[in-house]
1. With part of a helix (DSSP H, G or I) and farther than 25 Å from PHE181 by Cα as the only criterion, which of ILE72, ILE44, ILE24, ILE60 stands out?
2. Would you check if there is a residue in region 111-119 being over 17 Å from GLN58 (Cβ atoms) and at pLDDT 95 or above?
3. Can you pull out the residues in region 153-178 that are over 19 Å from SER128 (Cα atoms) and either under 15 Å from the mean Cα position of the chain (by Cα) or of a type in the set (Asp, Glu) (or both)?
4. Anything in region 103-128 that is buried (at least 19 other Cβ atoms within 10 Å of the Cβ), in a helix (DSSP H, G or I) and not polar (S, T, N, Q)? List them, or say none.
5. Tell me yes or no: at least one residue of region 81-102 is among the hydroxyl-bearing types (Ser, Thr, Tyr), buried (at least 19 other Cβ atoms within 10 Å of the Cβ) and modelled with pLDDT under 95.
Amino acid sequence: MIFVNFKTYESGTGGKALLLSKIIEEVSKESGVKIIPVVQSSDIKEIASTVSIEVWTQKIDPVEFGAHTGSIIPEAVFEDGAIGTFLNHSENRFNDFESLAKAHDRAKEVGLKTLIFAKDLEELTKVSSLKPDYISYEPPELIGSTDISVATAKPEIIQKASEISKQVGIPLIVGAGVHSFQDVKKCLELGAVGIAVASDIMNAEDPRKELLDLVEGYR
């Protein structure tokens with residue numbers, strides 16, 4: 001399983017987001033590896049109505065219908081075709097655990113799957129109490145790195161995160177600096193079921209080639 005976070009990269013916005021999602025769909029079907037585009041809320045409807053793979057949104061807010069200018073309500077992204085949502089990504093963290101818990105509850109109310117990010121093992125244990133579909137260990141200092149991967153920098157932490165994952169029965173996703181099939185293979189060997197990537201694909205001259213490289217880690 002590979003989550004590709006489009007963030008707000010130009011290569012992952014509007015028409016380019018749609019083209020990249022089609023490439024992801026092709027590579028996913030060819031390789032047999034589940035690959036999920038995680039897109040901006042404004043692009044969900046067009047992408048979800050075009051590709052047959054799961055499409056996720058990058059966030060939702062802990063609000064209901066009402067006076068919440070600029071917020072993203074889970075009902076809206078679900079209606080547009082999103083299957084799941086990221087929560088608590090290091091670039092969009094909640095200020096407190098209560099807000100995260102409410103956002104998770106709201107996502108579940110409408111039927112969205114959830115992946116909650118944690119910056120360290122202590123937080124990973126805490127967020128697992130919410131019973132999301134996936135938990136993710138992603139050290140903030142390595143996000144966007146093009147030369148240092150979490151797989152090589154902190155393998156012992158991944159292994160401990162995997163132990164937590166197994167104890168609570170929630171699949172582990174690992175991210176931050178993953179940019180090769182060797183990184184993917186190492187994460188899987190240490191107990192993760194999948195990875196989360198962004199810049200490696202979004203900044204690639206040939207995203208298809210990069211995706212094909214990553215899926216080799218599952219061989």
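The values are calculated or read from the model by the stated rules, or taken from the named source; none is laboratory data. None of the values given here were measured: they were computed from a predicted structure. We place every Cβ from the backbone using ideal geometry, glycine too, and count neighbours over all the protein chains shown.
1. The match here is ILE44.
2. yes
3. GLU156, ALA176, GLY177, VAL178 - these are the residues of region 153-178 that are over 19 Å from SER128 (Cα atoms) and either under 15 Å from the mean Cα position of the chain (by Cα) or of a type in the set (Asp, Glu) (or both).
4. Within region 103-128, ALA103, HIS104, ARG106, ALA107, LEU124, VAL127 meet the criteria.
5. No, region 81-102 contains no residue that is among the hydroxyl-bearing types (Ser, Thr, Tyr), buried (at least 19 other Cβ atoms within 10 Å of the Cβ) and modelled with pLDDT under 95.
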